[in-house]
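To start, the structure under review is shown below, and the notes come after it.
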Amino acid sequence: MYDLTGKVAVITGAASGMGRAAAILFASKGANVVLADLNTKGGEDVAAEASAGGARCVFQRTDVSEEADVEALIGRAISEFGKLDILFNNAGIGGAVGPLEDISVEDWDKTQDVCLRGVFLGIKHAIAPMRANGSGSIISTASIAGIDGFNGLHAYCAAKAGVVNLTRSASLQLACDFIRVNCIAPGGVSTPIVWNGSANKEMTEGFLINAQPMPQVGQPLDIANAALFLASDAASFITGHTLVVDGGATAGAVATASKRGQAAPPRSNRAFAGPSFELG
Ligand SMILES: NC(=O)c1ccc[n+]([C@@H]2O[C@H](COP(=O)([O-])OP(=O)(O)OC[C@H]3O[C@@H](n4cnc5c(N)ncnc54)[C@H](O)[C@@H]3O)[C@@H](O)[C@H]2O)c1
């Protein structure tokens, strides 16, 4: 159903985490992939791994915050594979962390440069080849931190909220060209960005399992699967959408969510709550 045979995809942040999972998954579904990252060794390794199934995957060192790099990245897809069908703007950093009054302008700007400007640049340079192609799917990785506030992640929250709304405005411009623009808002996912050093993976996963109503650690493949759906023809009438993939973290009042082995909402003898003056 989610076949990408003959498609050409560009994936940023492909050396690690969600981008790595997406590159391997897209290639396994038949796409040729240009992987982009700052991390050359990691990117080349993933390109080799993704190519093992038969699709052709190449790596292009890219800083997504640099326009010349992004232009060259899209150019590589054209020179290598002749067209561009899918762009997954996924590269990101945690950026400036801490109280607002301690955030330097430099750290604020660097966070926006990678997490928001990088997405803008990807969309900007994907338009011409996708128009020439007659269609395209642009997917960006936002975050539930672009929907809800997270204390201490102010710069990241602002950047990811920007990704959510840029997705909407871009979709309005590009729908007439059959270029779909969507984003994914992951909840906590076990990748190096949250481990703070691979030695902390196990400890982080102990926290992540309780970070949402579903008692399960979010994995890179959960996000790659969502990206595959949005990239595929199965999503051909979906644009301007933010697909939340968070195990229920933003579903509503999380404190009311059932715990395993416990019914929700909290048990009561009454099956119907009538007018309050009739209640005992
Ligand atoms: N892991 C989570 O809990 C979580 C939750 C919500 C959103 N996200 C977002 O998911 C995306 C993927 O992150 P991940 O969790 O897989 O982390 P990750 O660190 O494993 O992967 C991010 C990749 O982006 C690359 N990168 C960073 N800055 C770059 C730049 N300027 N140019 C090119 N590449 C760059 C890194 O080298 C890395 O390979 C990010 O946008 C992140 O903000 C992560």
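Derivation of every value follows stated rules applied to the coordinates shown; laboratory data play no part. All figures in this text were calculated on a predicted structure; none of them were measured in a lab. Note that we place each Cβ from the backbone using ideal geometry, even for glycine, and neighbour counts take in every protein chain shown.
Running a GNM on the chain with Cα contacts under 10 Å, which residue among Val194, Val164, Val105 ends up with the highest mean-square fluctuation?
Val105
Calculate the dipole size of the chain relative to its Cα centre from +1 charges on Lys and Arg beta carbons and -1 charges on Asp and Glu beta carbons; express the result in debye to the nearest 20.
On the way: 20 positive and 26 negative charges, 175 e Å.
Dipole about the Cα centre, nearest 20: 840 debye.
Arrange the following residues from fewest to most other Cβ atoms within 10 Å of their Cβ: Thr242, Thr167.
Working: Thr242 18, Thr167 25.
With the fewest neighbours first, Thr242, Thr167 line up as Thr242, Thr167.
Take the Cα coordinates of the range 1-101, assign each an equal point scatterer, and use the Debye formula without solvent to give log10 I(q)/I(0) at q = 0.10, 0.12, 0.24 Å⁻¹.
-0.26, -0.36, -1.24
Taking the 0 to 90 degree range and rounding to the nearest ten, how far is the long axis of helix 67-81 tilted relative to the main principal axis of the chain, both from C-alpha atoms?
With both axes taken from Cα atoms, the answer is about 70 degrees.
For the range 8-253, build the charge dipole from Cβ charges (+1 Lys, Arg; -1 Asp, Glu) around the Cα centre, then report which of Cys183, Val194, Gly146 sits farthest towards its positive end.
Most positive-ward Cα: Cys183.
If you rank Met18, Met130 by fewest surrounding Cβ atoms within 10 Å, what's the result? Provide the component values of the computation, followed by the final result.
Working: Met18 30, Met130 25.
The fewest-first ordering by Cβ neighbours comes to Met130, Met18.
What's the angle, to the nearest 10 degrees (0 to 90), between helix 40-51's Cα axis and the longest principal axis of the chain?
90 degrees
Give me the percent relative contact order of the chain, please, defined on Cα pairs under 8 angstrom at least 6 residues apart. Provide the component values of the computation, followed by the final result.
On the way: 569 pairs, mean separation 47.3, N = 280.
Result for the chain is 17 percent.
What 222 nm value per residue comes from the helices of the chain, counting each DSSP H run with n ≥ 4 as -39,500 (n - 2.57) and dividing by all residues, nearest 500 deg cm²/dmol? Can you show the working numbers first?
On the way: 9 runs with 108 residues, N = 280.
Result for the chain, helices only: -12000 deg cm²/dmol.
What percent of all Cα-Cα pairs in the range 153-280 falls in each 10 Å bin, counting up from 0?
11, 28, 29, 18, 12, 3, 0
In Å, what is the Rg of the alpha-carbon atoms in the range 49-186, and how long is Dmax?
Rg then Dmax for the range 49-186, in Å: 16.0, 51.
If you take the charge dipole of the range 188-280 about its Cα centre, with +1 on Lys and Arg Cβ and -1 on Asp and Glu Cβ, which of Ala211, Phe237, Ala273 is farthest toward its positive end?
My answer, from the dipole projection, is Ala273.
Compare the Cα positions of Val164, Phe81, Gly43 along the charge dipole of the range 21-169 (+1 at Cβ of Lys, Arg; -1 at Cβ of Asp, Glu; about the Cα centre) and return the one farthest towards the positive end.
The Cα lying farthest towards the positive end belongs to Phe81.
What three numbers, in Å, describe the spread of the alpha carbons of the chain along their principal axes, ordered from the longest?
75, 44, 36
Sort Cys157, Cys176, Cys57, Cys183 by Cβ crowding within 10 Å, fewest neighbours at the top.
Working: Cys157 21, Cys176 7, Cys57 26, Cys183 29.
Placing the least packed residue first, the sequence is Cys176, Cys157, Cys57, Cys183.
Among the lysines, select those whose C-alpha is under 28 Å from the C-alpha of Lys110, and discard any that sit fewer than 8 residues away in the same chain.
Lys41, Lys124, Lys160, Lys201
What's the longest piece of the chain with no exposed trypsin sites (Lys or Arg not before Pro), counting a site as exposed if DSSP puts it in a loop and it has at most 10 other beta carbons within 10 Å? All intermediate terms of the calculation are to be shown ahead of the outcome.
On the way: sites that count: Lys259, Arg260, Arg267, Arg270.
Segment 1-258 is the longest.
Helix 154-174: angle to the longest alpha-carbon principal axis of the chain, degrees 0 to 90, nearest 10?
60 degrees
Please give the length that would be gained between Ala234 and Phe277 if that part of the chain were fully extended, namely 0.36 nm times their separation in residues minus their C-alpha to C-alpha distance (nm, one decimal). Working shown, then result.
Details: separation 43, 0.36 × 43 = 15.48 nm, distance 5.19 nm.
Stretched out fully, the Ala234 to Phe277 stretch lengthens by 10.3 nm.
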